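Below is one structure, written out as structure tokens; the observations come after it.
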Amino acid sequence: MLLLASISLKAQDKIGITEEDYQNSSVQMADGMRSDGKIYVLVTIIGIVLGGILVYVIQTDRKISGLEKRFNK
Amino acid sequence: MKTYWWKILAILLLAYTIVAGLLIEVPRLPILNETIRALFFHVTMWFGMLLMLMVSVYYGVKHLRTGELRYDDLAVEFTNTAILFGVVGISTGMIWAKFTWGDYWTNDPKLNASAIGLLMYFAYLVLRNSLTDVYQRAKISAVYSIFAFAAFIPLIFILPRLTDSLHPGNGGNPGFNAYDMDSKLRTVFYPAIIGWTLLGAWISTLRVRYRRLERKLEDHLINQ
């Protein structure tokens, strides 16, 4: 009995994620934000931030490429 | 711009990370709520940092074997970007901790260990800048970074597991399944790691090229 109890305790060490966790509506999530469509606003905003950084990196890449070409001439 | 396909890959993966990372269905877990999505942005910083530090150690060893400065350039700049990722990782972690664990800084072993790790790498920068001879600087910093990396891994991966930690998968031995992630989260998590790491590699290589141009210019001025 004790052994069984210890085995079941061992099994509970890690809590697995089940399908129920996706359906669980008692936990508050950003459903309101999604239904209002506002999560997409956030996606756009963060997308612009990433886009800006990437454009900057690409331009720096080009500038350095240009300098390298001039040096190797 | 010799090969640029991986830069395009980085852009695509990062775009996917942000769109899918914010929009996919995630497990609805108490306390975590939507912050579980920080997995794609906070945890990936540390993975990216570690991968870049590995690259840095590789080039550090290569420098020690050959004594060539061009390997030192790579080693330094990858460490620099890794430190940037580490700082971003620790700041985002603090915000996440505030809203899930209740405080910006808990005396969690993993938090303290990663802070020590970052301080070790700050010391690396100080050490480099205190040496004036370029060859001496390259050699000493390569040796230091090998030791720092060898201390960093047990600090953040092994020691927190020997005690209790708030971080998932720490305390006890989790084996390979460190995070209790299901396959849905993994579909964004792994691409996110690759995407962020490639962006880090991109920034590092840009700075390597800048460094080499600068050295060429100096040589040019001296030989005039």
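The values are calculated or read from the model by the stated rules, or taken from the named source; none is laboratory data. A quick note: this is a predicted structure, and the numbers were derived from the prediction, not measured. Glycine gets a Cβ as well: all are built from the backbone with ideal geometry, and neighbour counts include every protein chain shown. Protein only, heavy atoms only, side chains kept; ligands, DNA and RNA dropped before computing areas. Shrake-Rupley method; radii C 1.70, N 1.55, O 1.52, S 1.80 Å.
Couple of notes before you dig in:
- Counted as qualifying within the range B:1-102 are the helices (runs of 4 or more DSSP H) with 2 or more residues that are within 12 Å of chain A (Cβ to nearest Cβ) and more than 19 Å from the chain's Cα centre (by Cα), namely B:5-23.
- Whichever residue in the range B:51-74 is among the basic types (K, R) and free of Cβ contacts under 8 Å to residues at least 60 places away in the same chain and, among such residues, is surrounded by the most Cβ atoms within 10 Å (Cβ to Cβ): B:K62
- Only one entry of B:E34, B:E77, B:E25 meets the criterion of being in contact (Cβ under 8 Å) with a residue 40 or more places away in the chain, open to solvent by less than 50 Å² (accessible area, probe 1.4 Å) and charged (D, E, K, R), and that entry is B:E77.
- Whichever residue in the range B:191-224 is assigned to a helix (DSSP H, G or I) and of a type in the set (S, T, N, Q) and, among such residues, is most open to solvent (accessible area, probe 1.4 Å): B:N223
- Residues (of a type in the set (A, V, I, L, M) and not in a helix (DSSP H, G or I)) located in the range B:123-150: B:L131
- Hits in the range B:199-218 - residues which are under 17 Å from B:T44 (Cβ atoms) and among the acidic types (D, E): none
- Test: B:K98 is basic (K, R) and open to solvent by less than 60 Å² (accessible area, probe 1.4 Å): no
- Neighbours by Cβ (under 6 Å, 6+ apart or cross-chain): first from the range B:151-166, part of a loop (DSSP other than H, G, I, E, B); second not small (G, A, S): B:T163/B:P109; B:S165/B:D108; B:S165/B:P109; B:S165/B:K110; B:L166/B:W101; B:L166/B:D108
- Test result for B:R28, modelled with pLDDT under 95 and touching a Phe, Trp or Tyr at 6+ places or on another chain (Cβ under 8 Å): yes
Listed here are the residues, each with its yes/no results for (1) open to solvent by less than 40 Å² (accessible area, probe 1.4 Å); (2) part of a helix (DSSP H, G or I); (3) modelled with pLDDT under 75; (4) at the interface with chain B (Cβ under 7 Å from one of its Cβ atoms).
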| residue | (1), (2), (3), (4) |
| --- | --- |
| A:L3 | no, yes, yes, no |
| A:L9 | no, yes, yes, no |
| A:T18 | no, no, yes, no |
| A:M33 | no, yes, yes, no |
| A:L42 | no, yes, no, yes |
| A:I58 | no, yes, no, no |
| A:K63 | no, yes, no, no |
